[in-house]
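The structure appears below as structure tokens.
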Amino acid sequence: QVQLVESGGGLVQPGGSLRLSCAASGRIFSTNIMGWYRQAPGKQRELVAEIISGGSTNYADSVKGRFTISRDNAKNTVYLQMNSLKPEDTAVYYCRARGLAIAYNYWGQGTQVTVSS
């Protein structure tokens, strides 16, 4: 069974930065998409960013130019560098791993990001 272990969330001022990490414990098949999603209170969960095994990335328009997703395949770890944070970025952030050649779908436990003065 694969578990996704997230870290890096917390409280930050507007304009500040945070770096989220998500490490997979257990084997993840090499052909996959790793992604970050977020959900604010009373809102739907939304895609923030995702990265395919080969390195291609996709970002929500609301974070493009501010957030950067990256991955270390050898460590089965995905990162989300968040810069120029806004109060609207406040949410629980979830890591996700989706198989492509092999079907699987794993979610992390979520980590709280709060952007406030």
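Here are some notes:
- Restricting attention to segment 16-56, the residues being on the phi > 0 side of the Ramachandran plot and among the charged types (D, E, K, R) number 0.
- Hits in segment 49-62 - residues which are in contact (Cβ under 8 Å) with a residue 12 or more places away in the chain and either among the aromatic types (Phe, Trp, Tyr) or under 14 Å from ARG19 (Cα atoms) (or both): ALA49
- Residue that is surrounded by the most Cβ atoms within 10 Å (Cβ to Cβ), among those in segment 1-51 that are in a strand (DSSP E or B) and more than 13 Å from the chain's Cα centre (by Cα): ASN32
- Residues (modelled with pLDDT under 95 and not in a loop (DSSP other than H, G, I, E, B)) located in segment 52-62: ILE52
- Residues that are open to solvent by 60 Å² or more (accessible area, probe 1.4 Å), free of Cβ contacts under 8 Å to residues at least 60 places away in the same chain and outside any strand (DSSP E or B) within segment 63-113 comprise LYS64, GLY65, ASN73, ALA74, LYS75, GLU88, ALA103, listed in sequence order.
The values are calculated or read from the model by the stated rules, or taken from the named source; none is laboratory data. Keep in mind it's a predicted model, so treat the numbers as computed, not measured. Quick reminder, even Gly has a Cβ in these numbers, built from the backbone with ideal geometry, and neighbours come from all protein chains shown. Accessible surface areas use protein heavy atoms only, side chains included; no ligands, DNA or RNA. Shrake-Rupley method; radii C 1.70, N 1.55, O 1.52, S 1.80 Å.
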